[in-house]
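Read the structure below first, then the notes.
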2 protein chains.
Amino acid sequence: MDVAEVSFDKVLGAAKTIFGVAHRTPLMTCSALDRIAGRRLFFKCENFQKVGAFKFRGAFNAVSLLSDKAAAAGVVTHSSGNHAQALALAAKMRGVPACIVMPSTAPAVKKVAVEGYGAEVIVCEPTLAARESTASEVQARTGATFIHPYDNDDVIAGQGTAMLELFEQAAELGTKLDAVITPVGGGGLLSGTCIAARGLDSAIRVFAGEPTGADDAARSFQAGELILQTDPKTIADGLLTSLGQRNWSIIQHNVEQIVTVRDDEIVSAMRLLWERAKLLVEPSSAVALAAVLCDTFDSECSGDAVGVILSGGNVDLDRLPWMSNF
Amino acid sequence: MDVAEVSFDKVLGAAKTIFGVAHRTPLMTCSALDRIAGRRLFFKCENFQKVGAFKFRGAFNAVSLLSDKAAAAGVVTHSSGNHAQALALAAKMRGVPACIVMPSTAPAVKKVAVEGYGAEVIVCEPTLAARESTASEVQARTGATFIHPYDNDDVIAGQGTAMLELFEQAAELGTKLDAVITPVGGGGLLSGTCIAARGLDSAIRVFAGEPTGADDAARSFQAGELILQTDPKTIADGLLTSLGQRNWSIIQHNVEQIVTVRDDEIVSAMRLLWERAKLLVEPSSAVALAAVLCDTFDSECSGDAVGVILSGGNVDLDRLPWMSNF
């Protein structure tokens, strides 16, 4: 099994690498949501990040760390989500080619978005096997470097930079965080957050929110071994994937609790964020708030000041969960 | 006719009054929208202000400036919009009574929101005459001070503080603003912005966006005299009202151009803000961006760096302009 080798220094290095390139996204508070939660919540708004999600941090860091020779041969990944756009943009900024393998089931709008960043899109059958073999073919043909969406040390270090900023911005408000929570899918954001939090202040407890319909992280955590997700089913379409091995090796030892939430709780939390905080986030982001608002978190987390990383804001405005056509 | 007496010092005083109480809302940029506009746009996000709109600034300033004796007798206004909530909250924070006169046609949810801030709501017939006479009755009965939503010097000064922050936040980004644009309805935000901009840097040109279906400001500006709005019809429900006299006395001499935009342009701009910038704003806010994107503005404004004040984010998520039930 692959074990991550991501030190706190590597996260600090990533912060230096993305400085002035990625947005230092705002930290927002909302007294109405504080009242509902019975705590002080500090929302790290990665919906305002480049490409609309935290994924840009990791992708840019990974592309930046390639040697000139490796970079010249380009990068490749398989993703139909935010990592696809993030890697396409990161490659464009370095002036190197990017090839994104997408399943034929991906919405046309996502293909267009990635092509808009100048990347080549290769469509394949909608199976993990087809995605992996297509990406391997591209690697063999072009010499491109494969940049995994989350199971990659440089990507993990990049995602950890959101926590560095969160900590710093909370301090600017005079607040010492007691805990932080992120959504968990593949575990890139969560594992990066663990490394950053441990390095900053070992007293900060790290939590994760996960949909009940894709709860491999929670089950892995309980079993003490990595269990893969089969047949995920949740509105949080950014969290369908299984935990990565490197991610699991970090999460296993550094996370306090993985709190599962139902889709109706996710939609309620999303609506609260839109209506009360005016924060336009995607369902996957709302998973973190949904977890904070549920009884499990309430009994597990004694802290008052909680950082909540809102992972992204890429949502189809014509198909919102509370619309009749959803 | 009432002429405003709002000095730059009065705006600076308001900034001191609201400091630490109103949010210093973030200034956001969006490279995708910059490309579309062909300029650098700096969005002052009053959708993140308390009560979800800039109105809190003026209401809080006006309530704060009352003598203890006057404040004890309470405040009254007629409004079914953001000023109603803003005044209710400002009064609550000073611990004095507020009475809000609302037309019987106002949505129940707005009544509930105002009552949630502890204000008394009095419902009247949906005519201006009924609203004014009902408010007068309250004044006569209780000795409450009437706080007009926009035709009030202290309110104007309070609204001007958004421009102070915008200027300062742009400077923090190393940018000197060439122009600023706000939506215009009654003219509270626009006139306050004029005073602030003139005091900060007389080279900044002040523009306004206005819906074609409620274009009394544009017509007044062209005619050189105040023309009242009759039968307004626009999706921008915060901009239905006529310009106030004090507001007009300022706007007349300090605004470069009032750019009118159609409802379809407003909806397009709103959708751009939601989709590209992840900024959840109400249609009235989108009027300012719609104006920036139209040909008139393009030919009238030669500047590159444009501040855009997004006035608020209070929108019914069950009835969005692009939904089939709208």
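Residue by residue, here is whether (1) surrounded by 18 or more Cβ atoms within 10 Å (Cβ to Cβ); (2) of a type in the set (D, E, K, R) holds:
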| residue | (1), (2) |
| --- | --- |
| A:276 | no, yes |
| A:297 | yes, no |
| A:307 | yes, no |
| A:311 | yes, no |
| A:325 | no, no |
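So, in the range A:27-52, of the ones that are in a helix (DSSP H, G or I) and at the interface with chain B (Cβ under 9 Å from one of its Cβ atoms), which residue ends up nearest to residue A:90 (Cα to Cα)? So the residue we want is A:50. Might you check whether a residue that is in a strand (DSSP E or B) and within 22 Å of residue A:176 (Cβ to Cβ) occurs anywhere in the range A:282-302? For the range A:282-302, residues in a strand (DSSP E or B) and within 22 Å of residue A:176 (Cβ to Cβ): absent. Among the residues of the range A:125-173, those identified as at pLDDT below 95 and in contact with a Ser or Thr (Cβ under 7 Å, 6 or more places away or on another chain) are A:125, A:126.
Taken over the range B:125-144, the residue count meeting the criterion of being in contact with a strand residue (DSSP E or B) (Cβ under 9 Å, 6 or more places away or on another chain) and either in the same structural domain as residue B:25 (by TED's automatic domain parsing) or of a type in the set (A, V, I, L, M, F, W, C) (or both) is 5. When residues in the range A:1-26 are screened for being within 14 Å of another protein chain (Cβ to nearest Cβ) and of a type in the set (A, V, I, L, M), 2 of them pass. When A:43, A:48, A:60 are screened for being outside the structural domain of residue A:179 (by TED's automatic domain parsing), of a type in the set (Phe, Trp, Tyr) and closer than 22 Å to residue B:278 by Cα, only A:60 passes.
Criterion applied to A:140, A:157, A:129, A:106 was being among the small types (Gly, Ala, Ser), assigned to a loop (DSSP other than H, G, I, E, B) and on the phi < 0 side of the Ramachandran plot, and the one residue passing it is A:106.
When you go through (1) touching a residue at least 40 places away in the same chain (Cβ under 8 Å); (2) touching a Lys or Arg at 6+ places or on another chain (Cβ under 7 Å) one by one for residue A:73, which number turns out not to apply? That leaves (2) as the condition not met. Within the range A:1-31, restricting attention to residues that are exposed (fewer than 14 other Cβ atoms within 10 Å of the Cβ) and aliphatic (A, V, I, L, M), the residue that is nearest to residue A:200 (Cα to Cα) is A:3. Figure legend. Inter-residue proximity from the range A:278-294: first residues within 14 Å of chain B (Cβ to nearest Cβ), second residues of a type in the set (Lys, Arg) and in a loop (DSSP other than H, G, I, E, B), beta-carbon distance below 6 Å, spacing 6+ or different chains. Indicated pairs: A:280/B:278. So, residue B:282, is that one in contact with a strand residue (DSSP E or B) (Cβ under 9 Å, 6 or more places away or on another chain) and either at pLDDT below 95 or not charged (D, E, K, R) (or both) or not? So residue B:282 fails the test.
Here B:6, B:11 are screened, and the one residue that is at pLDDT 95 or above and either among the polar types (S, T, N, Q) or not in a helix (DSSP H, G or I) (or both) is B:6. The set of residues in the range A:218-263 that are in a loop (DSSP other than H, G, I, E, B) and under 24 Å from residue A:299 (Cβ atoms) comprises A:224, A:234, A:236, A:239, A:255, A:256, A:262. Listed by first and then second residue, the pairs linking a residue in the range B:303-326 that is more than 20 Å from residue B:237 (Cβ to Cβ) to a residue that is at pLDDT 95 or above and exposed (fewer than 15 other Cβ atoms within 10 Å of the Cβ), with Cβ atoms under 8 Å apart and 6 or more places separating them unless they lie on different chains, are B:305/B:176. Take residue B:242 and tell me if it is out of contact with any Phe, Trp or Tyr (no Cβ under 7 Å at 6 or more places or on another chain) and of a type in the set (Ser, Thr, Tyr). Against the criterion (out of contact with any Phe, Trp or Tyr (no Cβ under 7 Å at 6 or more places or on another chain) and of a type in the set (Ser, Thr, Tyr)), residue B:242 qualifies. Among the residues of the range A:53-81, the ones that are closer than 19 Å to residue A:181 by Cβ and within 14 Å of another protein chain (Cβ to nearest Cβ) come to 2 in all. Just to be sure I understand, how many residues within the range B:101-143 are surrounded by 14 or more Cβ atoms within 10 Å (Cβ to Cβ) and among the polar types (S, T, N, Q)? The total comes to 5. Pairs are defined by a Cβ separation below 6 Å, a sequence spacing of at least 6 or placement on different chains, a first member in the range A:242-264 that is touching a residue at least 40 places away in the same chain (Cβ under 8 Å), and a second member that is among the polar types (S, T, N, Q) and surrounded by fewer than 21 Cβ atoms within 10 Å (Cβ to Cβ); the pairs so defined are A:242/A:229; A:259/A:296; A:260/A:212; A:262/A:212. Applying the condition of being closer than 19 Å to residue B:25 by Cα and of a type outside the set (A, V, I, L, M) to the range A:253-277 and asking which residue is farthest from the other protein chains (Cβ to nearest Cβ) yields A:276. The numbered conditions (1) under 20 Å from residue B:185 (Cβ atoms); (2) buried (at least 24 other Cβ atoms within 10 Å of the Cβ) are all true for residue B:265 except (2). Going through A:243, A:320 one at a time, which residue ends up being in the same structural domain as residue A:26 (by TED's automatic domain parsing) and either touching a Gly at 6+ places or on another chain (Cβ under 8 Å) or modelled with pLDDT under 95 (or both)? Exactly one residue qualifies, and that residue is A:243. One residue stands out among those in the range A:303-321 that are at the interface with chain B (Cβ under 9 Å from one of its Cβ atoms) and farther than 20 Å from residue A:183 by Cβ: the one that is farthest from the chain's Cα centre (by Cα), which is A:318. Can you tell me which residues in the range B:211-262 are of a type in the set (D, E, K, R) and surrounded by fewer than 23 Cβ atoms within 10 Å (Cβ to Cβ)? If the condition is that a residue be of a type in the set (D, E, K, R) and surrounded by fewer than 23 Cβ atoms within 10 Å (Cβ to Cβ), then B:215, B:219, B:225, B:231, B:233, B:237, B:256, B:262 are the ones that fit.
The values are calculated or read from the model by the stated rules, or taken from the named source; none is laboratory data. As the structure is a computational prediction, the values presented were derived from the model and not from experiment. Methodologically, a virtual Cβ is constructed for each residue, glycine included, from the backbone with ideal geometry; neighbour enumeration extends over all protein chains shown.
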